[in-house]
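Okay, so here's the structure we're looking at.
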Amino acid sequence: MEHIISLTLENKFGSLSRVAGLFSGRGFNIESLSVAPTLDPSVSMMTIVTSGDDRIIEQIMKQLNKVIDVIKVVDVSESEFVERETALIKVHTRPEDRAEALRIADIFRANVLDSSPTSYTIEVTGDVRKVQAIIHLLQPLGIKELVRTGRIAIGRDPTRPTQAQPRPLAKAN
Amino acid sequence: MQLTGAEIFLESLKREGVDTIFALPGGVVLKIFDVLHQQKDIRVILTRHEQGAGHMAEGYAKATGRPGVALITSGPGMTNVITALADAYMDSVPMVCFSGQVPTPLIGNDAFQEADNIGLSRPCTKYNFLVKDVNDLAQTIKEAFYIATTGRPGPVLVDIPKDISMDKGEFHYPKSVSIRGFNPTYDGSKWKIKQAADAIMKSKRPILYIGGGVQFSGASAEVKELAEMTQIPVDMTLMALGAFPGGHPLSLGMLGMHGTYVANMAMHYSDLVIAVGARFDDRVTGKVSEFCPTAKVIHIDIDPTSIRKNIQVDIPIVGDCKRVLIELNDILRATVNGNQKEQRKPWWDQLDAWQKAHPLAYVQDPNEQIKPQYLIDRLYELTADRDPVVSTDVGQHQMWAAQYFKLKNARTWLTSGGLGTMGFGFPAAMGAQAAFPNRLVLCIAGDGSIQMNTQELATAVIEKLPVKVFVINNRFHGMVRQWQDLFYEGRYASSSLGNVPDFVKLAEAYGAAGIRIESVGDVDAGIQEALAIDRPVFVDVPVYQYENCYPMIPAGGSNHEMLLEDPADLKKPKSTHKKSAQADSDTVLTA
């Protein structure tokens, strides 16, 4: 099953490779990974999309916790969350396809960032299904280049005060 | 106080209480060696190979419980020490390795003797640091020792570029460190410990399964109290030997692939496994799906990743073995009622029956060649009163040593368990000898393994580390040959080593003593002679070549399906083993 894991880690030399190396060294799967500094510049936030059965996910969580540069690990997908991904799609357009390309972009509330006589560069943001869908629709026109950010996710706050919140795993080595 | 990086290095090590470092110099660490040369507080042991330095640091750490320290140079120095780091990581040995690095402006330029030390060591260290500013050096060293010794111990690498060792900076040694991503759990959950105590009281066929964690946590006394109070039998992993006395009536000996019959049967048929500081390695579990089919499992370990990694656990307790056992014992002391011996009798009757059915055994005909087991057995008997530290290499001799050398005390057993590093034993013994100059330190080696680090004979002689090395010489990679016997129809592909070198002459060439024991009648006298010499000794013991190590659980087999002796078609030597039968005569020593 797919899981989205959110990591807080030290923003320093080599921390990314410690996490990436853990996944490759232990044969865990990474579907996407994105990382950037947080409000505190000494800390980065990383979102990893991975998959595996419960035992594998438990090991991934524990192993991530064991990495000394990792400060906190949360399996965001364990409770309610919102996720987004941005894709930049450079689509090839013959003259008869240009209107169709714009229509598709419009349906998905995507932006056209760049236009040339034979192409549009379209920016789309949404959950993974939305991004997949526009890619499928644009594919028949001819996609020249596709760049995706990887998914980022954040837990939803409770709508009622009593509702359980996703809790970070106690940090323990 | 303004000091150079090299001086900061020295001062920091002194404050960490380091008394010995195992080192080999090179261009980028010369400044550090120069400073070390002008002081007397820290002994610098010059090794002949960086792998030797690494294993010596491990041996020092395993024998003392204090972190071992190695200092090596960049590039090949670093790649040579990797094996020792990987070994220490697998076996949770606290160790700090300092590596030289090319000057910071040259890093990444493919400079002479440059290697990506951080990248190379990342998967085989607990943590590693590149020091980029001399003002960070003291703090980094403090953190390195803290990480290496805190929680589950492990090796830490500190990479010091040449210019950092020359630069001047302010020296201030931090009193304490706190790392926000590193807060090991020491105290187990009280609720879980209570559950564990209840499970123990309810259990009819409990078994204690103790691992290397007991050694490093110093929990031997607690394990003993628990076992004696509840009359629970004790199985030891290879790493735990000595942490519970091998000769204790509650000890069933080692479990696992070459463990005793009773130890493995006890695991298989138990109803409660109490794992303490052990990690359910594949050499212990055998076929996971058939491991302990009827048992509940309590797992006490300081590393949460060890729990439920290989097998399902019913009562997980994350914490330090010693602290958890102290609490567990407190509860049990108040609960245990009546005569435990009486209550456990049915279980012990069964265990005794297993023990009697298939004890460890070998046959030594006094007129035939020496059996490896006999040599180890005699060595054990003749040194038992001296509480020796025993190191081994990896292979058959290691398993026989584990079976027959019944160690009494924790931290007297130095062996490479997880990584299975041939060449570990000799330098590890030297590391222990450096820590305890007056103690008897034995190394039980094989002729294959010892050849991976014989260059350290020079170190042993010059540094006066009088370790006694017993080379169980079967002219084979014995364990490989055994597997070839059992699973490859006796085709000895690349396992026959020939009758070289002459270990007596090799030792003598370095100025060490060399002794050869050739007949059963000479074994005791030969051992006594070796023990009486106050220099390093190589004792070459040519043994029966085809002895196989039993009992054995074939890889992937289940714990109750042990091979107890050679299958009928393997009674050796015979004609189908012609190629190997010639092994001895293949290479004749020129006298």
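Among the DSSP beta bridges whose two residues both lie in the protein assembly as shown, what percent are antiparallel, rounded to the nearest 5? Walk me through the numbers on the way to the answer.
Working: 47 of 112 bridges.
Beta bridges within the protein assembly as shown, antiparallel portion: roughly 40 percent.
Give me the percent of DSSP beta bridges within region B:2-170 that run antiparallel, rounded to the nearest 5. Spell out each step's value before the answer.
Numbers: 3 of 25 bridges.
Just about 10 percent of them are antiparallel.
Students sometimes get this wrong: rank B:ARG152, B:ARG535 by accessible area, probe 1.4 Å, all chains present, largest first.
Details: B:ARG152 50, B:ARG535 110 Å².
Reading off the accessible areas and sorting them downward yields B:ARG535, B:ARG152.
Which angle between 0 and 90 degrees, to the nearest 10, do you get for helix A:98-107 versus the longest principal axis of chain A when only C-alpha atoms count?
40
Name the residue farthest towards the positive end of the dipole of the protein assembly as shown from the options B:ALA111, B:LEU442, B:TYR127, assuming +1 on Cβ of Lys and Arg, -1 on Cβ of Asp and Glu, about the Cα centre.
In the protein assembly as shown, that residue is B:TYR127.
Considering only protein heavy atoms, with the full assembly of protein chains and a 1.4 angstrom probe, order B:LYS356, B:LYS192 by accessible area, largest first.
Working: B:LYS356 160, B:LYS192 45 Å².
Result, largest first: B:LYS356, B:LYS192.
In region B:164-213, what residues drop by 50 Å² or more of accessible area when the other protein chains are put back, versus the chain on its own? Use 1.4 Å, and skip ligands and nucleic acids.
B:ARG180, B:GLY181
Please list, by residue number, everything in region B:528-545 whose backbone N is under 18 Å from a paramagnetic label point 7 Å out along Cα→Cβ of B:ASP385.
It comes to B:528-533, nothing else.
Would you please calculate the Kirkwood hydrodynamic radius of region B:372-542 over all C-alpha pairs and express it in Å, rounded to one decimal?
Final number for the Kirkwood radius of region B:372-542 is 15.9 Å.
Summed for both chains, how many Å² of accessible area, to the nearest 100, are buried between A and B with a 1.4 Å probe? Numbers along the way, then the final one.
Numbers: alone 10510 and 23150 Å², together 31510 Å².
In total, chains A and B hide about 2200 Å² from solvent.
Taking the highest mean first, how do the peptides B:197-203, A:30-36 order by number of other beta carbon atoms within 10 angstrom per residue? Don't skip to the end; give the middle numbers.
On the way: B:197-203: 17.6, A:30-36: 15.7.
Order by mean packing, descending: B:197-203, A:30-36.
Rounded to whole Å, give me the distance from the Cα center of region B:143-193 to that of region B:109-126.
First find each Cα centre; the distance between them is then 20 Å.
Taking all protein chains together and a probe of 1.4 Å, list B:VAL93, B:VAL363 from the most accessible to the least accessible. Show your work: numbers first, answer last.
Numbers: B:VAL93 0, B:VAL363 105 Å².
Final ranking, largest accessible area leading: B:VAL363, B:VAL93.
Ranked highest first by the average count of other Cβ atoms within 10 Å around their residues, in what order do B:396-405, B:9-18 fall? Walk me through the numbers before you get to the answer.
Numbers: B:396-405: 26.5, B:9-18: 18.6.
Packing order, densest peptide first, comes out as B:396-405, B:9-18.
When the expected Rg is taken as 2.2 N^0.38 Å, what fraction or multiple of it is the alpha-carbon Rg of chain B?
Numbers: Rg = 24.7 Å, N = 591, 2.2 N^0.38 = 24.9 Å.
Output field value: 0.99.
Based on the Kirkwood radius over alpha-carbon pairs, what is the Stokes-Einstein translational diffusion coefficient of region B:185-302 at 20 °C with 1.002 mPa s viscosity, in µm²/s? Intermediate results must be reported in sequence, preceding the final value.
Numbers: Rh = 14.1 Å.
Diffusion coefficient, whole number: 152 µm²/s.
Work out, in µm²/s and without decimals, the Stokes-Einstein translational diffusion coefficient of region A:1-110 at 37 °C, 0.692 mPa s, Rh from Kirkwood over C-alpha pairs. Don't skip to the answer; put the middle values down first.
Details: Rh = 16.1 Å.
It comes out at roughly 204 µm²/s.
At q = 0.10, 0.12, 0.22 Å⁻¹, work out log10 I(q)/I(0) for region B:240-384 with the Debye formula, treating every Cα as an identical point scatterer and leaving solvent out; two decimals please.
For the requested q values the scattering log ratios are -0.46, -0.65, -1.54.
Averaging the inverse of every distinct alpha carbon separation and then flipping it gives the Kirkwood radius. What is it for the protein assembly as shown, in angstrom units?
Values: mean 1/r = 0.0347 Å⁻¹.
It is 28.8 Å.
Dividing the Cα convex hull volume of region B:7-86 by residue count, how many Å³ per residue is that? Please report the intermediate quantities before stating the final value.
Working: hull volume 6.9 nm³, N = 80.
Each residue corresponds to 86 Å³ of Cα convex hull volume.
Say R0 is 22 Å: what FRET efficiency, to the nearest 0.05, do B:SER176 and A:ASP40 get from their beta-carbon distance?
The calculated FRET efficiency here is 0.45.
Roughly speaking, what is the stretch gain from B:TRP191 to B:ASP349, that is 0.36 nm per residue apart minus the C-alpha to C-alpha distance, in nm to one decimal?
Net length gain for the segment: 53.6 nm.
Counting only C-alpha contacts under 8 Å and six or more residues apart, can you give the relative contact order of chain B as a whole percent?
Normalised by residue count, the contact order of chain B is 14 percent.
Which value, in Å² and to the nearest 10, is the accessible area of B:ARG491 when all protein chains are kept and the probe is 1.4 Å?
140
If you take each beta carbon of peptide A:18-26 and count the beta carbons of other chains within 10 angstrom, what is the mean? Write out the running numbers ahead of the final one.
Working: counts 5, 0, 0, 3, 2, 0, 1, 3, 2.
For peptide A:18-26, the averaged partner shielding equals 2.
Could you list, bin by bin from short to long, the percent of Cα-Cα pairs of region B:2-170 in 5 Å steps?
Final binned percentages: 2, 10, 20, 25, 23, 14, 5, 1, 0.
With labels modelled as points extended 7 Å from the Cα through the Cβ direction, what inter-label distance (nm, one decimal) is found for A:PHE13 paired with A:ASP54?
Rounded to a tenth, the inter-label distance reads 4.3 nm.
What does the helix-only formula give at 222 nm for the protein assembly as shown: each DSSP H stretch with n ≥ 4 adding -39500 (n - 2.57), the total divided by the residues, and the result rounded to the nearest 500 deg cm²/dmol?
Details: 29 runs with 269 residues, N = 764.
Result for the protein assembly as shown: -10000 deg cm²/dmol, rounded to the nearest 500.
Calculate the translational D of region B:280-358 in whole µm² s⁻¹ from Stokes-Einstein, where the hydrodynamic radius comes from the Kirkwood formula applied to all Cα pairs, the temperature is 37 °C and the viscosity 0.692 mPa s. Present the calculation step by step, with values, prior to reporting the outcome.
On the way: Rh = 15.3 Å.
Answer, rounded: 215 µm²/s.
If one computes the Cα centroid of region B:402-463 and of region B:273-302, what distance in Å separates the two points?
29
Pop out a list of residues from region A:51-75 that are at least 40 Å² less accessible with all the protein chains around than in their chain alone; 1.4 Å probe, no ligands or nucleic acids counted.
A:ARG55, A:GLU58, A:GLN59, A:LYS62, A:LYS66, A:ILE68
Probe radius 1.4 Å, ligands and nucleic acids ignored: give me the carbon and sulfur share of the accessible area of the protein assembly as shown as a rounded percent.
On the way: 16600 of 31510 Å².
The computed percentage sits at 53.
Which value, in Å², gives the accessible area per residue of chain B when a 1.4 Å probe is used on the protein heavy atoms? Numbers along the way, then the final one.
Values: 22080 Å² over 591 residues.
Normalised by residue count, the accessible surface of chain B is 37 Å².
Testing the spin-label approximation: label points 7 Å from Cα along Cα→Cβ at A:ARG26 and B:LEU486. State their distance in nm.
Between A:ARG26 and B:LEU486, the simple spin-label model gives 3.0 nm.
Looking only at other chains, what is the average number of their beta-carbon atoms within 10 angstrom of each beta-carbon in A:10-17? Spell out each step's value before the answer.
Numbers: counts 3, 0, 0, 4, 7, 1, 0, 3.
Counting Cβ atoms of other protein chains within 10 Å of each residue's Cβ and averaging gives 2.
The values are calculated or read from the model by the stated rules, or taken from the named source; none is laboratory data. Everything numeric in this text was worked out from a predicted model, so none of it was measured. Neighbour counts are summed over all protein chains in view; Cβ atoms, including those assigned to glycine, are modelled from backbone coordinates with ideal geometry. Please note that ligands, DNA and RNA were not included when accessible areas were found on the heavy atoms of the full protein model with its side chains. Shrake-Rupley method; radii C 1.70, N 1.55, O 1.52, S 1.80 Å.
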